[in-house]
Amino acid sequence: MSSEYLLREAGEEDAGEVEVLARLCQPLRASVKGTYEYLAICFPRYFLVALGPAGMAGFVVGLPSLSGEAWIYQICVHPDHRRRRVGELLMEEELRRFRSDRFPRVRARVLETNQPSLSLMRKMGLRETGRKGEWVELQREL
Ligand SMILES: CC(C)(COP(=O)(O)OP(=O)(O)OC[C@H]1O[C@@H](n2cnc3c(N)ncnc32)[C@H](O)[C@@H]1OP(=O)(O)O)[C@@H](O)C(=O)NCCC(=O)NCCS
């Protein structure tokens, strides 16, 4: 099925729009514009934005750790664009890139109360490995 959303890598010029979008995505803790600028400079391959007919509909930021694992740092879809598979589209492409870059596994931490995100991660094949306070840790071998 073709999607009305297109993905592309983020550039530093997207940082302001990403911050505005992130602020609409509680319980995600939005980072400030300057942080997104650096994430786009340093990790553009894993910082993807989803573009809909009317602009930015979502983004995902992945981070490669120095120990050789891949992490999902943030994923966010604009409230007006939810339940249209944008989150799934972003995660599928992110996992494809991690796999193609030979990361052995992907990991994420999600608040135990964040059912939409937990459900998305489980749908993408991540499984719970433990708890850290109010956070659920999940991972998937790639
Ligand atoms: C989590 C989030 C990214 C999902 O984005 P989305 O584009 O609406 O998700 P999709 O339409 O691709 O849905 C894919 C799967 O996610 C899960 N999901 C999404 N929204 C859900 C909801 N409200 N309740 C339960 N499950 C949900 C489901 O498993 C769904 O698959 P299904 O439709 O077959 O049931 C979005 O709700 C969001 O931005 N939340 C706020 C930010 C956040 O919490 N980010 C994660 C922490 S970093």
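Bear in mind that the values in this text are calculations on the coordinates, not laboratory data. Keep in mind the model is a prediction, meaning the values are calculated, not measured. Counting neighbours? That spans all protein chains shown, and the Cβs are built from the backbone with ideal geometry, glycine included.
Does GLU88 fit the bill of being in contact (Cβ under 8 Å) with a residue 24 or more places away in the chain and either surrounded by 13 or more Cβ atoms within 10 Å (Cβ to Cβ) or among the hydroxyl-bearing types (Ser, Thr, Tyr) (or both)?
yes
Could you run through region 1-29 and say how many residues are closer than 22 Å to ALA70 by Cβ and within 16 Å of the ligand (Cβ to nearest atom)?
The qualifying residues number 7.
Going by the conditions given, is PRO53 under 15 Å from the mean Cα position of the chain (by Cα) and not charged (D, E, K, R)?
Against the criterion (under 15 Å from the mean Cα position of the chain (by Cα) and not charged (D, E, K, R)), PRO53 does not qualify.
Of all residues in region 50-63, which are crowded, with 18+ Cβ neighbours inside 10 Å and closer than 20 Å to VAL110 by Cα?
GLY58, PHE59, VAL60, VAL61, GLY62 - these are the residues of region 50-63 that are crowded, with 18+ Cβ neighbours inside 10 Å and closer than 20 Å to VAL110 by Cα.
For residues in region 42-82 being touching a Gly at 6+ places or on another chain (Cβ under 8 Å) and part of a helix (DSSP H, G or I), which is nearest to the ligand (Cβ to nearest atom)?
Among those that are touching a Gly at 6+ places or on another chain (Cβ under 8 Å) and part of a helix (DSSP H, G or I), it is HIS81.
What is the one condition in (1) touching a Lys or Arg at 6+ places or on another chain (Cβ under 7 Å); (2) assigned to a strand (DSSP E or B); (3) not charged (D, E, K, R) that ALA30 does not satisfy?
All conditions are met except number (2).
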